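Taking it in order: structure first as structure tokens, then the write-up.
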Amino acid sequence: MPTPDRPLRILIVDDEPLARQRLLDLLEGREDIEVVEQAASGREAVEAIRTLQPDLVFLDVQMPGMTGLDVVREIGPERMPVTIFVTAYDQYALKAFEVAAIDYLLKPFDDERFEQALERARRLLKLREVEALRERLLQLLQDDRPAPPKPSKYLERIAVEMRGQVRVIPVRQIDYITASGPYAELHVGDQVYVIREQMQTLEERLDPDLFIRIHRSAIVRIDLIDVLLRGAGGRYAVRLKNGVRLKVSRSRREALERRLGLNAG
């Protein structure tokens, strides 16, 4: 795109030498414009657009072999530079607006009409430049923005109702959980909070890095386990750091030992 340090780069495309010269004469002597190439056919135009990437193209519609409209189809409307069609037939000019033209010059055109089309092209290029800058800044801001924290799939808080009030218990404060019929009791220090929830559901919703189910009626916070106790008849229990003892079922003993690093390997 043109900048204060770079002139507007223009490609002229027309199979008639006199038509190309007419445009050259109108553009001559402008310090902010550079005619980068002239093309005498649609195929030359396609090659020049892809190679030189001009800012603006004056494109003849009627050319033998490949028309101006064919050039647009070949390049793709979304990849075409700003385009002003030049044509001797008004119906082609109307067709041009269905593809990529921002304006058209109907031959023979006068100097004033040419200046109007050129100015319109300049305005569009400025708008495109502003839009491109806005998109770059937006992308920069998005890239620089810290990623939002991923929501945890495990419970972080549990709401309990007590005497008509709802209290939120952080999961990390829970020492252990025991079953009591259809209820579960949350043991938090010296406090016990009762919620109507199944142990299976709690086991699935609690972070396994923090909690382990040691019995059908007990879930315990792993870092509070002090000792694994073995009693008569192959019965097991754990003693927590606060002195509480909880039974360990035979079916869950091996998993507990692995978590405690007692049977590694």
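The values are calculated or read from the model by the stated rules, or taken from the named source; none is laboratory data. What you see is a predicted model, and the numbers here were worked out from it, not measured in a lab. Every residue, glycine as well, gets a Cβ built from its backbone with ideal geometry; the counts of neighbours run over all protein chains shown. Each accessible area value is taken on the protein alone, full model and side chains, heavy atoms only, with ligands, DNA and RNA left out. Shrake-Rupley method; radii C 1.70, N 1.55, O 1.52, S 1.80 Å.
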Show the residue pairs that are 6+ apart or on different chains and have beta-carbon atoms under 6 Å apart, the first residue being within segment 189-204 and without any contact (Cβ under 8 Å) to a residue 40 or more places away in the chain and assigned to a helix (DSSP H, G or I), the second being among the charged types (D, E, K, R) and open to solvent by less than 70 Å² (accessible area, probe 1.4 Å). 203/213
Within segment 44-77, residues of a type in the set (Asp, Glu) and buried (at least 17 other Cβ atoms within 10 Å of the Cβ) come out as 44, 55, 60
Being β-branched (Val, Ile, Thr) and under 16 Å from residue 104 (Cα atoms) narrows it down to one residue among 61, 35; which is it? 61
Candidates 226, 207, filtered to the one that is under 25 Å from residue 257 (Cα atoms), modelled with pLDDT of 90 or more and out of contact with any Lys or Arg (no Cβ under 7 Å at 6 or more places or on another chain): 207
Exactly one of 168, 220, 188 is modelled with pLDDT under 90, within 24 Å of residue 153 (Cα to Cα) and hydrophobic (A, V, I, L, M, F, W, C), and that residue is 168
Of the residues that sit in segment 214-265 and are over 20 Å from residue 177 (Cβ atoms) and in contact (Cβ under 8 Å) with a residue 24 or more places away in the chain, which one is least open to solvent (accessible area, probe 1.4 Å)? 257
Report every pair of residues separated by at least 6 positions or lying on different chains whose Cβ atoms are under 9 Å apart, first residue within segment 103-120 and over 9 Å from residue 87 (Cα atoms) and open to solvent by 70 Å² or more (accessible area, probe 1.4 Å), second among the aromatic types (Phe, Trp, Tyr) and assigned to a helix (DSSP H, G or I). none
Only one of (1) open to solvent by 40 Å² or more (accessible area, probe 1.4 Å); (2) more than 32 Å from the chain's Cα centre (by Cα); (3) more than 24 Å from residue 119 (Cα to Cα) does not apply to residue 41, and that is (1)
Looking only at segment 218-257, which residues are among the hydrophobic types (A, V, I, L, M, F, W, C) and assigned to a strand (DSSP E or B)? 218, 219, 220, 225, 227, 228, 229, 237, 238, 240, 246, 248
Looking only at residues that are farther than 14 Å from residue 107 by Cβ, in contact (Cβ under 8 Å) with a residue 60 or more places away in the chain and open to solvent by less than 10 Å² (accessible area, probe 1.4 Å) in segment 1-26, which one is farthest from the chain's Cα centre (by Cα)? 11
